[in-house]
1. Quick check on my filter: what residues within the range 62-86 are outside any helix (DSSP H, G or I) and at pLDDT below 90?
2. If you take the residues in the range 104-145 that are in contact (Cβ under 8 Å) with a residue 24 or more places away in the chain and farther than 19 Å from residue 67 by Cα, which one is surrounded by the most Cβ atoms within 10 Å (Cβ to Cβ)?
3. Contact list please: Cβ distance under 6 Å, first residue in the range 89-103 and assigned to a helix (DSSP H, G or I), second residue of a type in the set (Gly, Ala, Ser), pairs at least six apart or on different chains.
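The values are calculated or read from the model by the stated rules, or taken from the named source; none is laboratory data. Quantities reported herein were computed from a predicted structural model and do not represent experimental measurements. All Cβ positions, even for glycine, are placed from backbone atoms using ideal geometry, and neighbour counts span all protein chains on display.
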Amino acid sequence: MMPLQLRTENDARSVGELRLNDLAPGARHLLNHLRMISLRCRAAAQTDLYEACRVLSPCPGVARNAHAETLMKCLAQALGKLPVLFRPGVEQVSFDESWLLSATAAVARKDWDSFQFLLASRVPLNVRRNLGSLIIGVSESLHQV
C-alpha cells in the first residue's frame, strides 16, 4: 500500500495556478476537510480499496468522516501513484485536489457524464466503481450538512 504524500506550498507544482481563494466556499470547506483527514490518515494503516467498500455501510448512523477517511486511505491505490495533498490552509491547490473537487462537484450537480469522465481519465476500470462510490459518499455527506 502506498502512503499519502503531503506537500508544503514550496513543493507545489503549477497546475493552472488554481488557488484556495479561487474556490467557492463549499469547495474550500471540502478541500480543507479532506486535507485534515489525509493528515490523520498518514499515520494510520492503509486500507485496501476492495475491503474498504465492503466495510462501509450506507446507513445514516455511519460517521460523517467514514467515506472521507476511506477515500484518503485508498486514493493512492486507485490512482496508482501518491496523490499530492497539501496541508490545510496552504493556498496552492494541487492537480489531485482539483480533480477530487471536480468529481465531488459533478456528483453534487448530478452530472454523471462528467463524473464518469473524471473517473475514466485517471482511475483503472477495475477500481472505478469502488472509488466512485467513496467520492459519491463524500459529496453526499458534505451536502447533507
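1. 62, 63, 64, 65
2. 122
3. 101/27
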